[in-house]
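So the structure is just underneath, and the comments pick up after that.
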Amino acid sequence: MKVAIGVNGRQVEAEVEDRLLLAHFVREVAGLTATNIGCDTTSCGACTVLLDGESVKSCTVLAAQADGREVTTCEGLTGSDGRWHAVQRGFHAEHGLQCGFCTPGMMMAAVSLLAENPDPTEAQVRAGLEGNICRCTGYHNIVRAVLAAAREGRPPGGGAPAGAAEPAEGPA
């Protein structure tokens, strides 16, 4: 079957088998390899992407189900000008990765979490990321990274979040 899926703002059209998983479409057809495949059973979250802005595990979504929709991967978080998203900066600043395998899925889950709750508590971050497994870290730095990204959205002096923060440049 023919599908046309927006991937990080770029239309990707291809003839695919009706059983092709979105995770494989993203990696093999769109050529974006940050989305990792760890289990094919929704257990690990390494394949998490945003589908029309909602966090999904792409190993359980068919490419056919994404036809006509928009997918955002970890590569899509970086702006066209190369500026990093607040979540990417948080993971960098707080050392929210070790081997890096789970990192793209964790980042996408964090983006979704912060879109729903821009000012989460530590407990809410932990609950929001519970569908993503990291086998290397103790989650402490990942949680700190998400909280750092959330702080970027707050106005100076605290208070309620001001919405999405304008990304600053990543390291050179």
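So what's the back-of-envelope 222 nm ellipticity for the chain, counting only DSSP H runs of four-plus at -39500 (n - 2.57) apiece and dividing by all residues, rounded to 500?
That calculation yields -7500 deg cm²/dmol at 222 nm.
If exposed means no more than 12 neighbouring beta carbons inside 10 Å and the site is in a DSSP loop, what's the longest run of the chain without any exposed GluC sites (Glu not before Pro)?
18-129
Select from 36, 65, 51 the residue farthest towards the positive end of the dipole of the range 23-82; place +1 on Cβ of Lys and Arg, -1 on Cβ of Asp and Glu, and compute about the Cα centre.
Result: 36, furthest along the dipole toward the positive end.
Based on the Cβ-Cβ distance from residue 116 to residue 139, what FRET efficiency comes out when R0 is 22 Å, to the nearest 0.05?
Plugging the Cβ-Cβ distance into 1/(1 + (r/R0)^6) gives 0.65.
How big is the Kirkwood radius of the chain, worked out from every pair of different alpha carbons and given in Å to one decimal?
16.3
Could you pull the Cα extents of the range 86-152 along its three principal axes, largest to smallest, in whole Å?
27, 23, 17
For the range 1-36 and the range 110-138, compute the distance between their C-alpha centroids and round to whole Å.
26
What is the spin-label model distance, in nm, from residue 83 to residue 67 if the labels are put 7 Å beyond Cα along the C-beta direction?
Going by the 7 Å Cα→Cβ label model, 3.8 nm.
Would you calculate the separation in nanometres between label points at residue 10 and residue 42, each defined as 7 Å from the Cα along the Cα-to-beta-carbon direction?
In this crude spin-label approximation the distance works out to 3.0 nm.
Between 0 and 90 degrees, rounded to the nearest ten: what's the tilt of helix 140-152 against the longest Cα principal axis of the chain?
The helix 140-152 is inclined about 80 degrees to the chain.
Once you've got the GNM for the chain with C-alpha springs shorter than 10 Å, pick whichever of 123, 30, 110 has the biggest mean-square fluctuation.
123
Under 8 Å for C-alpha pairs, at least 6 residues apart: give me the relative contact order for the chain, rounded to a whole percent.
Reported relative contact order: 23 percent.
Throughout, read-outs are computed from the coordinates displayed, never taken from laboratory work. Since we're looking at a predicted model, the values are computed, not measured. Neighbour counts are summed over all protein chains in view; Cβ atoms, including those assigned to glycine, are modelled from backbone coordinates with ideal geometry.
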